[in-house]
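The values are calculated or read from the model by the stated rules, or taken from the named source; none is laboratory data. Just so we're clear, the structure is a prediction, and the values are computed from it rather than from any experiment. Don't worry about glycine lacking a Cβ; one is built from the backbone with ideal geometry, like all the others, and counts go over all protein chains shown.
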Amino acid sequence: MQPSALLRNNLQASINAKQQLLKDGTQLDVFEKAVKAVVERYREGGRLYIAGNGGSAADAQHLATEFVSKLARDRAPLPAEALTVNSSILTAIGNDYGYEWIFARQVVGKMTERDIFLGITTSGESRNILKALDACREKGIPSIVFTGRDGGRTREQANYCIIAPGAATSTIQEVHIVLAHTLCEYVEQIIIEKNDNSLHVLNAISPAFASSFAFAEQIVDEGESK
């Protein structure tokens, strides 16, 4: 098969998967509830923690970046963390307890009931995501999963399970990126007032976080004035 023909096939597979999701009212409803749960966590002063393996680890880091930096609007940073980036934590837990525990122990050590967890797994069977969901349940932390195929065991363990259509892992991952960007875009739209970076918006999320951000802005302003 020539490259252009392969590209056409892949583009069509991606289009078909997205159209299938577009017509799936059940999945759209679950996604809406999940996104609104994220908004609620932020309004209560919580944070978003994200995890995945391989390409899904990259997606976790990508999404955390969109929250802390920005997606489409200039605004104050929103607290989010990918649980995939600290090599010392990952290798210590993997070596001492096993790879399946690398996210669960971080959930227990870092997260509170005000936070929310997002696991990304195309199969729905990643053992370390399943362990993390168990930890969330034990701590009373709400959880979301972006997955594929039939949802695997994550379908029963997460509070909100969004299943991306697609036969190929790559197609599922492409749908996951659309879900992730839509999640971030909605949070920006709802929490951050249009053309407004003022601290009263952050105060609606978390007074403590607003205070920290004000201090950070002061440092930046002082540096620019020198």
Checklist outcome for this item: The number of residues in segment 1-58 that are free of Cβ contacts under 8 Å to residues at least 24 places away in the same chain, assigned to a helix (DSSP H, G or I) and not hydrophobic (A, V, I, L, M, F, W, C) is 12
Item to check | Residues that are surrounded by fewer than 21 Cβ atoms within 10 Å (Cβ to Cβ) and not in a helix (DSSP H, G or I), drawn from segment 161-179 | outcome: 165, 167, 168
Checklist entry - How about segment 114-126: which of its residues are within 16 Å of residue 152 (Cα to Cα) and crowded, with 17+ Cβ neighbours inside 10 Å? => result 118, 119, 120, 121, 122, 123, 124, 126
Checklist entry - Of the residues 8, 75, which is over 15 Å from residue 144 (Cβ atoms), at pLDDT below 95 and either of a type in the set (Lys, Arg) or in contact with a strand residue (DSSP E or B) (Cβ under 8 Å, 6 or more places away or on another chain) (or both)? => result 75
Item to check | Condition met for residue 46 (of a type outside the set (A, V, I, L, M), in contact with a Lys or Arg (Cβ under 6 Å, 6 or more places away or on another chain) and buried (at least 21 other Cβ atoms within 10 Å of the Cβ)) | outcome: yes
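Scan segment 136-158 residue by residue and report those that are assigned to a strand (DSSP E or B) and under 19 Å from residue 178 (Cβ atoms).
Restricting attention to segment 136-158, the residues satisfying the condition of being assigned to a strand (DSSP E or B) are 143-148.
Passing the criteria: 144, 145, 146, 147, 148.
Is it fair to say residue 133 is surrounded by 24 or more Cβ atoms within 10 Å (Cβ to Cβ) and either assigned to a helix (DSSP H, G or I) or charged (D, E, K, R) (or both)? Please lay out each step first, then the result.
Values: surrounded by 24 or more Cβ atoms within 10 Å (Cβ to Cβ): yes; either assigned to a helix (DSSP H, G or I) or charged (D, E, K, R) (or both): yes.
So residue 133 fits the description; yes.
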Checklist entry - Could you say whether any residue in segment 104-113 is modelled with pLDDT of 95 or more, small (Gly, Ala, Ser) and surrounded by fewer than 15 Cβ atoms within 10 Å (Cβ to Cβ)? => result yes
